[in-house]
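> Below are the structure tokens for one structure; questions will follow.
The values are calculated or read from the model by the stated rules, or taken from the named source; none is laboratory data. These figures come from a predicted structure and were not determined experimentally. Neighbour counts are summed over all protein chains in view; Cβ atoms, including those assigned to glycine, are modelled from backbone coordinates with ideal geometry.
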């Protein structure tokens, strides 16, 4: 029993350390630069992405999401909502999990709001949870793969790319997105 408590405490401490390391918060200028670089990388993965972004009503970009844990896991990242090619608001993404989690990884996410209704619901929410509040079509293969017309009819498209590290997870489910006051 003592060993189990010690493991739980050390797992919690490891996740707290991980999240505190990434949660000090980047400045607007740092986020802007990271978003710019991530969008450039996103376009390089597949030339069709430029057309999708041009058709989207809004684009939520998380250029650096760090996920890790030992038994208890967590993830955190900061990004920006882009409308008409300009960053208009800043957001964080976070989640926690309990289970068999071991490792550390980083990735980038781009979420396209393809309808005005989907964008309005996101903007007017006070803490938007992916999976609970909406149905996001996650397109994998490093975001460079092809997509079919049925997928493109979804109101929200999510892309995960640039995965590095020891945790291979492309799920967006359960991630909470919160507006930052920058």
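> When you check residue 41 against the structure, is it surrounded by fewer than 17 Cβ atoms within 10 Å (Cβ to Cβ), touching a strand residue (DSSP E or B) at 6+ places or on another chain (Cβ under 8 Å) and under 16 Å from residue 160 (Cα atoms), yes or no? Give the derivation first.
Working: surrounded by fewer than 17 Cβ atoms within 10 Å (Cβ to Cβ): yes; touching a strand residue (DSSP E or B) at 6+ places or on another chain (Cβ under 8 Å): yes; under 16 Å from residue 160 (Cα atoms): yes.
For residue 41, the condition - surrounded by fewer than 17 Cβ atoms within 10 Å (Cβ to Cβ), touching a strand residue (DSSP E or B) at 6+ places or on another chain (Cβ under 8 Å) and under 16 Å from residue 160 (Cα atoms) - is met.
> Among (1) at pLDDT below 90; (2) in a helix (DSSP H, G or I); (3) under 22 Å from residue 87 (Cβ atoms), which single condition is residue 14 missing?
(3)
> Further question on the same structure: Out of 99, 58, which single residue is modelled with pLDDT under 90 and either touching a helix residue (DSSP H, G or I) at 6+ places or on another chain (Cβ under 7 Å) or surrounded by fewer than 24 Cβ atoms within 10 Å (Cβ to Cβ) (or both)? Spell out how you get there, then give the answer.
On the way: 58 fails: modelled with pLDDT under 90.
Only one candidate qualifies: 99.
> I'm told residue 112 meets every condition in (1) over 23 Å from residue 25 (Cβ atoms); (2) at pLDDT below 75; (3) buried (at least 17 other Cβ atoms within 10 Å of the Cβ); (4) under 13 Å from the mean Cα position of the chain (by Cα) except one. Can you identify the failing condition by its number?
Of the numbered conditions (1) over 23 Å from residue 25 (Cβ atoms); (2) at pLDDT below 75; (3) buried (at least 17 other Cβ atoms within 10 Å of the Cβ); (4) under 13 Å from the mean Cα position of the chain (by Cα), the odd one out for residue 112 is (2).
> Tally time: how many residues in the range 17-44 are assigned to a helix (DSSP H, G or I) and either within 16 Å of residue 98 (Cβ to Cβ) or modelled with pLDDT of 90 or more (or both)? Please lay out each step first, then the result.
Of all residues in the range 17-44, those assigned to a helix (DSSP H, G or I) come to 17-22, 28-44.
Within this subset, residues satisfying the condition of being either within 16 Å of residue 98 (Cβ to Cβ) or modelled with pLDDT of 90 or more (or both) are 18-19, 28-44.
The number of residues fulfilling the criteria is 19.
> I'd like to verify a number: residues in the range 147-182 that are under 17 Å from the mean Cα position of the chain (by Cα) and modelled with pLDDT under 70, how many?
8
> Of all residues in the range 126-146, which are modelled with pLDDT of 60 or more, assigned to a loop (DSSP other than H, G, I, E, B) and over 13 Å from residue 45 (Cα atoms)?
126, 127, 131, 135, 136
> In the range 54-72, how many residues are in contact (Cβ under 8 Å) with a residue 40 or more places away in the chain and over 15 Å from residue 160 (Cα atoms)?
We begin by selecting, within the range 54-72, every residue in contact (Cβ under 8 Å) with a residue 40 or more places away in the chain; these are 55-72.
Narrowing the set further to residues that are over 15 Å from residue 160 (Cα atoms) leaves 55-58, 68-72.
Here the count works out to 9.
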